[in-house]
């Protein structure tokens, strides 16, 4: 996604070391996308971002509680995030939330698309979920 965003001048992609203020909580999404339109005119802030990203991607681990994950989704939308992607490696799916009620699930045999947020972006999920080669 980072290469696609950069090549198309859509904004910036950040990893889990970037903190966003989401409501009263500080959140570190596994991946965050901030659109070019939303980027602060004075550049990237030092420390905590006081704006919400356009996209928050969270990788769900087997020990995550459903209620806690759902709370994060709701918090993100309340703060102005446009989409939340939940990546479930154990089920090999990506669930795309366009709102807390508008949900699309993509399986490993599908291409992840998000035309409304990242026009033209396509990602073959089978490539992401394939097991690492063993030597």
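Summary table
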item: Extreme residue, surrounded by the fewest Cβ atoms within 10 Å (Cβ to Cβ), among residues of segment 79-99 that are touching a residue at least 24 places away in the same chain (Cβ under 8 Å) and in contact with a helix residue (DSSP H, G or I) (Cβ under 7 Å, 6 or more places away or on another chain); result: 89
item: Enumeration of residues in segment 1-39 that are within 12 Å of the chain's Cα centre (by Cα), in contact (Cβ under 8 Å) with a residue 12 or more places away in the chain, farther than 18 Å from residue 78 by Cβ and surrounded by fewer than 17 Cβ atoms within 10 Å (Cβ to Cβ); result: 15, 16, 30
item: Those residues of segment 40-78 which are touching a strand residue (DSSP E or B) at 6+ places or on another chain (Cβ under 6 Å) and free of Cβ contacts under 8 Å to residues at least 12 places away in the same chain, in sequence order; result: none
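Any read-out appearing in this document is the output of simple, stated calculations on the displayed coordinates, not a laboratory observation. In this text the structure is predicted, and so the values were computed from the model without any measurement. Every residue, glycine among them, receives a Cβ derived from its backbone with ideal geometry; neighbour counts consider all protein chains shown.
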